[in-house]
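Working notes, beginning with the structure itself.
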Amino acid sequence: MNVHDPGPPGDSGLTVRDLAVSYGPVTALRGISLDVPRGSVVTVLGGNGAGKSTLLRAISGTLRFHRGGITAGEIGFDRARLSGAATSAVVSHGVVQVPEGRKVFARMTVEENLRAGALGARDRRAAAEARERVLTLFPVLAERARQRAGLLSGGEQQMLAIGRALMARPKMLLLDEPTLGLAPMMAARIADTVREINSQGTTVLLVEQNAAMALSLASHAYVLEVGEIVLSGPAAELAESDEVRRRYLGIGDDRDEALLSGAAPARPALTRWSA
Ligand SMILES: Nc1ncnc2c1ncn2[C@@H]1O[C@H](COP(=O)(O)OP(=O)(O)OP(=O)(O)O)[C@@H](O)[C@H]1O
């Protein structure tokens, strides 16, 4: 990948070119270019405040709800221009976000939450198939169908949030820190589910602070720091890079080592984005 000439937006998957985002006078992202090829899992790593959520908001058309806006650049998905599009238009192009903090409708039942995810679906058979897929992926949601979502555990709420997004039958899922605050066992289950969703054909853009988990899932990774991409490359190679190991994985952390095992690099092919 060439840093300074990422090429024209393609017609397969998501392309972000030279994106800049501000919240009023605060610039949160600048010069962001990245690709999420159709069928892949790509991750964006970064610490608190790096701009991960802002990136997803820009793609999903939800920046305006946070008093933010795109000030430069383009976002495209399968020939459609997403930059400047309303949230509903982005969803109708097949791109759906699962927000950070889960944000299920706590007073509604699990079933009602899932139905809310299918609002606007005209094809009832397709909606029924989507529901079937969600309940197969997350059997616990079938067991708890009549319970209020607010009574679910944190991990179950995350499953419901992902399930609700899948009800819209997305081509691409935008996941904002899906394992945040979850116990390691539950985080591993969510990771397995993301793998499964992807293997069923859904493209995934995953933003995460949990670098070990994210790098074990993704084929390609970008590292975001203070609103800019500072490093990118194949996930297996990033996982082996000294900088990522030191800053995001913690050298000598057995749990991370175990999660990363099997991610053997061929040869370094990382791209450094700034001098
Ligand atoms: N609604 C907002 N108004 C003003 N500034 C904001 C707003 N939302 C985010 N920011 C700022 O934009 C920058 C990026 O924030 P963002 O939430 O995208 O980071 P993040 O990487 O998702 O962090 P975290 O993991 O803590 O959520 C930060 O400096 C943050 O303070």
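Below, the figures for the structure above:
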| read-out | value |
| --- | --- |
| Residue within the stretch 242-250 that is surrounded by fewer than 21 Cβ atoms within 10 Å (Cβ to Cβ) and within 26 Å of Pro170 (Cβ to Cβ) present | no |
| Subset of the stretch 164-178 (residues that are away from the ligand (no atom under 16 Å from the Cβ) and either part of a loop (DSSP other than H, G, I, E, B) or in contact with a His (Cβ under 8 Å, 6 or more places away or on another chain) (or both)) | Met167, Ala168, Arg169, Pro170, Lys171 |
| Residue within the stretch 20-40 that is assigned to a loop (DSSP other than H, G, I, E, B), touching a residue at least 40 places away in the same chain (Cβ under 8 Å) and either within 7 Å of the ligand (Cβ to nearest atom) or touching an Asp or Glu at 6+ places or on another chain (Cβ under 7 Å) (or both) present | yes |
| Residue match in the stretch 88-107 (condition: within 15 Å of the ligand (Cβ to nearest atom) and at pLDDT 95 or above) | no |
| Residue, farthest from the chain's Cα centre (by Cα), within the stretch 35-53, restricted to residues that are of a type in the set (S, T, N, Q) and surrounded by fewer than 23 Cβ atoms within 10 Å (Cβ to Cβ) | Asn48 |
| The listed residue being over 17 Å from Ala118 (Cβ atoms) and touching a Ser or Thr at 6+ places or on another chain (Cβ under 8 Å), out of Leu152, Leu174 | Leu174 |
| Filter pass, Thr71 being within 30 Å of Arg246 (Cα to Cα) and not acidic (Asp, Glu) | no |
| Only one of Arg67, Arg79 that is near the ligand (Cβ under 10 Å from one of its atoms) and among the basic types (Lys, Arg) | Arg67 |
| Single residue of Arg115, Arg79 found to be within 17 Å of Arg148 (Cβ to Cβ) and out of contact with any strand residue (DSSP E or B) (no Cβ under 6 Å at 6 or more places or on another chain) | Arg115 |
| Failed condition for Ala149, given (1) surrounded by 20 or more Cβ atoms within 10 Å (Cβ to Cβ); (2) under 19 Å from the mean Cα position of the chain (by Cα) | (2) |
| Residue in the stretch 118-140 that is of a type in the set (S, T, N, Q) and either within 16 Å of the ligand (Cβ to nearest atom) or in contact (Cβ under 8 Å) with a residue 24 or more places away in the chain (or both) present | no |
| Residue count, the stretch 105-158 (criterion: among the aliphatic types (A, V, I, L, M) and either in a loop (DSSP other than H, G, I, E, B) or touching a Cys at 6+ places or on another chain (Cβ under 6 Å) (or both)) | 7 |
| Flag for Val44 being within 28 Å of Gly201 (Cβ to Cβ), away from the ligand (no atom under 11 Å from the Cβ) and at pLDDT 95 or above | no |
| Test: residue in the stretch 202-210 that is more than 13 Å from the chain's Cα centre (by Cα) and either at pLDDT below 95 or within 16 Å of the ligand (Cβ to nearest atom) (or both) | no |
| Qualifying residues in the stretch 41-96 (those that are of a type in the set (D, E, K, R) and part of a loop (DSSP other than H, G, I, E, B)) - the one nearest to Pro25 (Cα to Cα) | Arg67 |
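For (1) over 18 Å from Ala239 (Cα atoms); (2) charged (D, E, K, R), each residue gets a yes or a no:
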site: Arg146; (1), (2): yes, yes
site: Gly163; (1), (2): yes, no
site: Ala187; (1), (2): yes, no
site: Thr193; (1), (2): yes, no
site: Thr202; (1), (2): yes, no
site: Ala212; (1), (2): no, no
site: Ser219; (1), (2): no, no
site: Gly227; (1), (2): yes, no
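The values are calculated or read from the model by the stated rules, or taken from the named source; none is laboratory data. Bear in mind the structure is a predicted one, so any value in this text is a computation, not a measurement. Positions of Cβ are generated from backbone atoms using ideal geometry, with glycine treated the same way; all protein chains shown enter the neighbour counts.
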